[in-house]
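Chemist: First the structure, which I've put down as structure tokens, then a few questions once you've had a look.
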Amino acid sequence: DVLDPDRLIQCPYNKHHRIRACRFPYHLVKCRKSYPEVAKELATCPFNARHLVPQADLSNHIRKCNDKGFIEQDIVNQSSGFQREQMNAVSMWQAPPCDEDWET
């Protein structure tokens, strides 16, 4: 199960490390410092910082990354929410009462 916090994930820095999903982000930070040469060869996915892939494979990963859909959906939701707010703001506006009579 992808959402199981206890599932084991293989470390991209050391293939012998298998870390529980809930600890994986902390492990990545620690291992990056321990393996600086490997870290130089890896690129971080722009959609999920837990995805570390060889730099040569990054463009292919970006095309296929499952998390890209979540980001795209968030963008669509935010833009449609913004448009709804704009429409509501315009339709709710009323001119304030005016006591001035410019003719007099």
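The values are calculated or read from the model by the stated rules, or taken from the named source; none is laboratory data. Keep in mind the model is a prediction, meaning the values are calculated, not measured. Neighbour counts run over all protein chains shown; Cβ positions are idealised from the backbone, glycine included. Calculation scope for accessible area: heavy atoms of the full protein, side chains included, ligands and nucleic acids excluded. Shrake-Rupley method; radii C 1.70, N 1.55, O 1.52, S 1.80 Å.
Chemist: How many residues does the stretch 56-92 hold that are assigned to a helix (DSSP H, G or I) and modelled with pLDDT of 90 or more?
Modeler: Result for the stretch 56-92: 9.
Chemist: Next question. Are any residues in the stretch 4-31 surrounded by 13 or more Cβ atoms within 10 Å (Cβ to Cβ), in contact (Cβ under 8 Å) with a residue 12 or more places away in the chain and hydrophobic (A, V, I, L, M, F, W, C), and if so, which ones?
Modeler: Ile9, Cys11, Ala21, Phe24, Leu28, Cys31, listed by residue number.
Chemist: Answer yes or no: is there a residue in the stretch 32-46 that is in a loop (DSSP other than H, G, I, E, B) and exposed (fewer than 15 other Cβ atoms within 10 Å of the Cβ).
Modeler: There is at least one residue in the stretch 32-46 that is in a loop (DSSP other than H, G, I, E, B) and exposed (fewer than 15 other Cβ atoms within 10 Å of the Cβ).
Chemist: A follow-up question, please. Report whether or not Val53 is among the β-branched types (Val, Ile, Thr), open to solvent by less than 90 Å² (accessible area, probe 1.4 Å) and either modelled with pLDDT under 75 or closer than 20 Å to Tyr13 by Cβ (or both).
Modeler: When the stated conditions are applied, Val53 passes them.
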